[in-house]
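As structure tokens, the structure follows; a few thoughts come after it.
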Amino acid sequence: MIMKKVFNYSPNFNPNKRKSKQIKFLVFHYTGMRKESDAINRLTNIQSEVSSHYLIKKNGDIVILVPELYIAWHAGKSSWKSFKSLNKNSIGIEISNSGHEHNYINFSKKQIQSILYLSKSLMKKYKIKSSNVLGHSDIAPFRKKDPGEKFPWQYLAKFGIGKWYSLSSKKLKEKRIKKIKIMEEKIFYKNLFKIGYPKKVLNKKKLVNAFQRRYRQDLINGKIDQECLLISKNLAK
């Protein structure tokens, strides 16, 4: 499948080139703006000091904003495992979507097709591990919600894009809203740190929300239950 690519270069990137082996992550974002044209303007406006390498439009077109070997400004203050400030080690992909503040909607089928195509291509080119395909809320859980609970993580994982757990939905539903013990709560956080989430927990509820937006998208309540614990154990293996 050939996807339509268009160029609309952003001035918002570091002038020095990086080596391809430095690229270890893919990071997904949503634009979080009502109008797609406004999002493009922001990503290409020198005064915004924000950019990404790619933008996927609602019609599935892929806009190239920053060449891959330059550092785009998309991740901000962020961390994953031993990595800090992920801009220097990642490729950022913005997806046109109004986001939580403006009537958050489902991503279009054409967008999902383009996400698949682009992700597979980049993962192969830079030897990016499936476990290193992340959302902005994974690497900045205390600041960000994107790409949000409507992002098709489970579907993408079927194609090796991003990590997912191997547990039956029936088994998980049985554990839902069942309380955990204090010791189990500690195990849950240890599992999150093992997966890659930041060890410095600034806000427990926001961290749990970020985990749920990624791995339990139909119930985001910021509360750890037996279902969350089971998912975290499976992922941390």
Return the subset of 24/77; 24/150; 81/129 for which the Cα-Cα distance in this structure is over 20 Å, preserving the input order. 24/150
Of the candidates 57, 190, 206, which one comes out as most mobile in a Gaussian network treatment of the chain with C-alpha springs shorter than 10 Å? 190
Between 0 and 90 degrees, rounded to the nearest ten: what's the tilt of helix 226-236 against the longest Cα principal axis of the chain? 60 degrees
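Quick check of the Kirkwood formula: for the stretch 93-170, what is the inverse mean of 1/r over all pairs of different Cα atoms, in Å?
Details: mean 1/r = 0.0736 Å⁻¹.
Final number for the Kirkwood radius of the stretch 93-170 is 13.6 Å.
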Assigning unit charges at the beta carbon (Lys, Arg +1; Asp, Glu -1) and nothing else, what dipole magnitude in debye, to the nearest 20, does the stretch 96-237 show about its Cα centre? 440 debye
Using the Cβ atoms and a cut-off under 15 Å, what net charge is assigned to the surroundings of residue 57, where Lys and Arg are +1 and Asp and Glu are -1? +4
Along the charge dipole of the chain, Cβ charges K/R +1 and D/E -1, which of 111, 23, 201 sits furthest on the positive end? 201
Förster radius 22 Å - calculated FRET efficiency between residue 6 and residue 117, Cβ distance, rounded to 0.05: 0.90
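Residue 183: net charge of surrounding residues, Cβ under 14 Å, Lys/Arg +1, Asp/Glu -1, itself excluded? Could the numbers behind the result be given before it?
Values: positive: 179, 181, 186, 190, 233; negative: 184, 185.
Every neighbour counted, the sum reads +3.
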Within-14-Å neighbourhood charge of residue 4 [Cβ basis; K, R +1; D, E -1]: +3
Note, the stretch 55-65: 3J(HN,Hα) by Karplus (6.51, -1.76, 1.60, θ = phi - 60°), whole Hz, Gly/Pro = x, goes 10, 9, 6, 4, 8, x, 4, 9, 9, 8, 9
Size of electric dipole in the chain: Cβ of Lys, Arg +1 and of Asp, Glu -1, about Cα centre, debye, nearest 20: 1040 debye
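What FRET efficiency comes out for residue 88 versus residue 125 if R0 is 25 angstrom and r is the Cβ-Cβ distance? Round to the nearest 0.05.
0.90
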DSSP beta bridges in the chain: the antiparallel percent, rounded to 5, is 30 percent
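Defining a contact as two alpha carbons under 8 Å apart and six or more residues distant in sequence, what relative contact order in percent does the chain show? Mind dumping the intermediate values first?
On the way: 457 pairs, mean separation 48.2, N = 237.
Value for the chain: 20 percent.
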Cα-based reach from residue 179 at 19 Å (exclusive), listing aspartates and glutamates while leaving out same-chain residues under 8 positions away: 218, 225, 227
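Since every read-out is calculated from the coordinates, none of them should be taken as a lab result. Because the structure is predicted, anything quoted here is derived from the model rather than measured. Backbone-built Cβ (ideal geometry, glycine too); neighbour counts: all protein chains shown.
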